[in-house]
Structure formats: structure tokens, C-alpha cells
Amino acid sequence: WHWRCWIYRGKELMQEEDKAKVLTALGGKKGIIDSTIPSIIFLLTYNISKNLAVCLYVSLATAALLMLYRLIRRDSLMYSISGFIGVAFCGWLAWRTGEAKDYFAPSLWKNSAFMLVYLVSILIKYPLIGVLLGPILGENLKWRKDPKRLAAYTKATWIWFALFAIRLGVQYPLFKADQLNALGVANIFLGFPLYLATLWGTWMVIRSVPITKAD
């Protein structure tokens, strides 16, 4: 009985380790927070000031403060730096066109591109989630010879395809209709909550099939 408990506990700890690896590889909570908060600040500032330049400066300052916060806490800077670059580009685009809604245009481009990439990866039987997580979980591309594991990664990749499709399907009509506030609110709810649901769904699918051991 004691041996069974130890074996079960060992499997549980291994799953927790794998879960942490998966969440880190796919961005995790910190990544989505660092990319979402500046957008929220931009929207709030624009509603108060109606001044595009002020909004851009404030959102950039927010992204910089998040980067400094991660540096002080000695967290990974990868997502905060990419978030800062993203805010800077979105801000530059909105400033260049003079349209506040264009701050959200790169998000539409990104969702369209990712949706296409994930779909193609499924069609050629190299589901992107498997390609990304295989080396991290120690199975490399060995999972492609395991029908159950291949099916699990394919399902997980469909989940991510759905994420980008939902975002695009909701945001694009609002963008075309010049509904800035609705677009900003949609960006929030389609960001953190939907992203967490996607991470959870991905993990639940992946954990249901044993990892394929690499040679």
C-alpha cells in the first residue's frame, strides 16, 4: 500500500512539473497580464482625455513600469519586453493614422496570422502545440509515431485555433464599426479569461495521454 502511495505521489509531482513547463512555454499568467494592462490603461485614458498622444505616453509608461517591476522581482523579462514592443508599435500605428481604434489593429493581424499557422500545422499533421511542447516535455517529435499522443496534440492545437478565431470573429466587426470602447472591452475579456480557459483546456487534453518517451 505504501509503495502504491509513493508511486501515485511521484506521478502527481511529475504532472505538476509538466504542467508548470506547459504554462511557462505558452505564456502563463504573467505574459497575458503584461500585454493586457497597457491596453486597459490606453482605453481608460482615451475615454478621460480624448487625447491620443496622452494615451500613448501613458500606456507606454505603464508597459515600462511593468518591465521595471519584473526586473526588480527578477522575473523573466521576455513577456514584459515583448509587451513593451507591442505597445510601442500599436501606439505608433494609432499616432500615424490618427485613429485611436488602430491601436487594436495589430491584434487583428496577429490573430489572423496565428489562426492560419495553427490550421496549417494541423493539416500537415505537425500540430503546433506538439512542436512547441514536445522538446520541453522530453518527447521531441517522438509523439508523431504515437496515434493517441498525436491526436491529443491535434485537439490541443484546435483549441488554440478556436481562441484566435473567436477573438477575430468578435473584434473585427467592432473594429470595422468604429466601436472603440466595445473593442477595448472585448480585448480585455477575450484576453486574460479566454487565455486562461485555453491554457486549462490544453493541459487537460495533454495530460489525458501519457508522454511518449524520446530515444
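The values are calculated or read from the model by the stated rules, or taken from the named source; none is laboratory data. Not measured: the values here are computed from a predicted model. Because the Cβ atoms are built from the backbone with ideal geometry, glycine has one as well, and the counts that use them run over all protein chains shown. Quick note on the areas: whole protein, heavy atoms, side chains included, nothing else; ligands and nucleic acids left out. Shrake-Rupley method; radii C 1.70, N 1.55, O 1.52, S 1.80 Å.
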| Most positive-pole-ward Cα, Ile159, Trp109, Ala53, against dipole of the stretch 33-165 from beta carbon charges | Ile159
| request: Calculate, in nm to one decimal, what Ser49 and Ala151 gain on full extension: separation in residues at 0.36 nm each, minus their alpha carbon distance. | output: 31.6 nm
| query | With θ set to phi - 60° and the Karplus curve 6.51 cos²θ - 1.76 cosθ + 1.60, what are the ³J(HN,Hα) couplings of the stretch 189-199 in order, to the nearest whole Hz, using x for Gly and Pro? | reply | 6, 8, x, 4, x, 5, 5, 5, 4, 5, 4
| Residue-by-residue Karplus 3J(HN,Hα) for the stretch 200-207, coefficients 6.51, -1.76, 1.60, Hz, glycine and proline x | 4, x, 4, 5, 4, 6, 5, 6
| said: I want to check a number: in the stretch 53-173, how many lysine pairs have alpha carbons closer than 15 Å, given a sequence separation of 8 or more or different chains? | reply: 4
| query | Which whole-Hz couplings ³J(HN,Hα) result when phi for each residue of the stretch 107-116 is put into the Karplus expression 6.51 cos²θ - 1.76 cosθ + 1.60, θ = phi - 60°, listed in order with x for Gly and Pro? | reply | 5, 5, 4, 4, 5, 5, 5, 5, 4, 5
| said: Probe of 1.4 angstrom, ligands and nucleic acids ignored: what's the accessible area per residue over the stretch 119-215, in square angstrom? | reply: 52
| remark: With all protein chains present and a 1.4 Å probe, the order of Arg149, Arg144, Arg167, Arg207 from largest accessible area down is Arg207, Arg144, Arg167, Arg149
| request: Keeping the other protein chains in place, figure out the carbon and sulfur percent of the accessible area of the stretch 41-162, with a 1.4 Å probe. | output: 70
